[in-house]
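The values are calculated or read from the model by the stated rules, or taken from the named source; none is laboratory data. Since we're looking at a predicted model, the values are computed, not measured. In this analysis, Cβ positions are derived from the backbone assuming ideal geometry, glycine residues included, and neighbour counts consider all displayed protein chains.
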């Protein structure tokens, strides 16, 4: 459990994953707009961490200047039951 929490156990990381599950590939600005209160440097750091752990990947959508969108990898999509369980628990106990 500790290894999993090292990767996705932070509030913003879980919310990033939630949005990528719900809305598909997203650009940085779209994530920033949907995650009210997140600082750009925090979003960038969480995305880099999720990418380094193989949960999220980037895809180039514009060459000049280079711009990327973020999407879930197979490893990231495998977290679906975990996120659904957290959602269900939150709905039942809050």
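Here are the numbers for the structure shown:
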quantity: Scope region 14-31; condition over 16 Å from residue 81 (Cα atoms), crowded, with 16+ Cβ neighbours inside 10 Å and without any contact (Cβ under 8 Å) to a residue 40 or more places away in the chain; matching residues; calculated: 31
quantity: One residue from 22, 59, 18 being at pLDDT 95 or above and under 20 Å from residue 6 (Cα atoms); calculated: 18
quantity: Sole residue being closer than 18 Å to residue 77 by Cβ, surrounded by fewer than 16 Cβ atoms within 10 Å (Cβ to Cβ) and more than 12 Å from the chain's Cα centre (by Cα), chosen from 39, 4; calculated: 4
quantity: Qualifying residue in region 59-67 (condition: surrounded by 16 or more Cβ atoms within 10 Å (Cβ to Cβ) and at negative phi); calculated: no
quantity: Subset of region 78-94 that is in a loop (DSSP other than H, G, I, E, B) and modelled with pLDDT of 95 or more - its residue that is surrounded by the most Cβ atoms within 10 Å (Cβ to Cβ); calculated: 79
quantity: Filter result (in a loop (DSSP other than H, G, I, E, B) and either touching a helix residue (DSSP H, G or I) at 6+ places or on another chain (Cβ under 8 Å) or under 15 Å from residue 24 (Cα atoms) (or both)) within region 36-77; calculated: 38, 53, 54, 55, 73
quantity: Check on residue 50, surrounded by 12 or more Cβ atoms within 10 Å (Cβ to Cβ) and touching a strand residue (DSSP E or B) at 6+ places or on another chain (Cβ under 7 Å); calculated: yes
